[in-house]
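Just below is one structure, and these are the notes that go with it.
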Amino acid sequence: MDQRSVESLTLHPRLWRAAVAALALVLVIGLAAALWLATRPMVKTSLTPVGSLGAWTPGPGALGTESGEWFVLRAQEPGRVAFATAGLELTDSVVEVRAAPQSGPDDAGYGLVVRYRDPDEFVALLIGADGYIAVGQMYAGTWRWRVPWQQWPHIRRGLSENLLRAECQAERCRFYVNDEFAFVIDAVPAQGRFGPAVNSPEAATFAAAFWDWRVWR
């Protein structure tokens, strides 16, 4: 075998390894780009005056009361996401609110409803005083957890205040707690109303307060 044949045999494995490494690099760059697109904040445009949000309308199983600047929402039925919604219909938007639990078990949840179309179609971000977080979706009257309950380190526990934010664009919503990115989900309604939400394993024992609403669209 001449020298060129030997070099040819040793060159091919090197080229193969280089090709595999290049492909792996492309995949890593693609995944990094996808993650960046999924987590980057939306550009906030015009801030909507709070007075234009309208009165909160409690949904099924919810009781809402005004207390100064606070809106206090209470779950009246166990195991059901209770909510209230503003009259404002939103498409691409950023919704932000400060919230804190007032009473009830630590494994109850409180948070945001977005893309609310009717009681059978909406998305909810929920956190708990025990440091857990979840995202659920009601679609065609069927509830499913898009992100099951799990611990998350950026939640302030107990009766502490937490800053919640939902950034929805087209059929995708990104969720943040205390300015830390949590989750992104797709296949949500392209528009809808928003508001506070609570969920309790026990009836009429859990309430949360919501204030300092901000809406950009």
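General remarks:
- Condition check for ALA209: surrounded by fewer than 23 Cβ atoms within 10 Å (Cβ to Cβ), among the aliphatic types (A, V, I, L, M), within 14 Å of GLY111 (Cα to Cα) and more than 12 Å from the chain's Cα centre (by Cα): yes
- The residues on offer are ALA134, ALA108, ALA124, and the sole one that is surrounded by 20 or more Cβ atoms within 10 Å (Cβ to Cβ), under 16 Å from ARG80 (Cβ atoms) and modelled with pLDDT under 95 is ALA108.
- Exactly one residue among ARG74, ARG98, ARG144, ARG115 is of a type in the set (D, E, K, R) and in contact with a Gly (Cβ under 6 Å, 6 or more places away or on another chain), and that residue is ARG115.
- VAL123 being farther than 18 Å from PHE194 by Cα, of a type outside the set (Ser, Thr, Tyr) and under 14 Å from the mean Cα position of the chain (by Cα): no
- Boolean, PRO196 is open to solvent by less than 50 Å² (accessible area, probe 1.4 Å) and within 18 Å of SER103 (Cα to Cα): yes
This table checks each residue for (1) among the charged types (D, E, K, R); (2) in contact (Cβ under 8 Å) with a residue 60 or more places away in the chain; (3) on the phi > 0 side of the Ramachandran plot.
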| residue | (1), (2), (3) |
| --- | --- |
| ALA170 | no, yes, yes |
| ARG174 | yes, yes, no |
| ALA190 | no, yes, no |
| GLU202 | yes, yes, no |
| THR205 | no, yes, no |
| ARG214 | yes, yes, no |
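- Residue in the stretch 85-97 that is outside any loop (DSSP other than H, G, I, E, B), at pLDDT 95 or above and open to solvent by 30 Å² or more (accessible area, probe 1.4 Å) present: no
- Residue that is modelled with the highest pLDDT [pool: residues in the stretch 162-181 that are farther than 14 Å from LEU112 by Cα and open to solvent by less than 70 Å² (accessible area, probe 1.4 Å)]: PHE181
The values are calculated or read from the model by the stated rules, or taken from the named source; none is laboratory data. Source: prediction; values computed, not measured. A quick note on method: Cβ atoms are made from the backbone with ideal geometry, for glycine too, and the neighbour counts reach across all protein chains shown. For the accessible areas, the whole protein counts, side chains as well, though only heavy atoms, and no ligand, DNA or RNA atoms are used. Shrake-Rupley method; radii C 1.70, N 1.55, O 1.52, S 1.80 Å.
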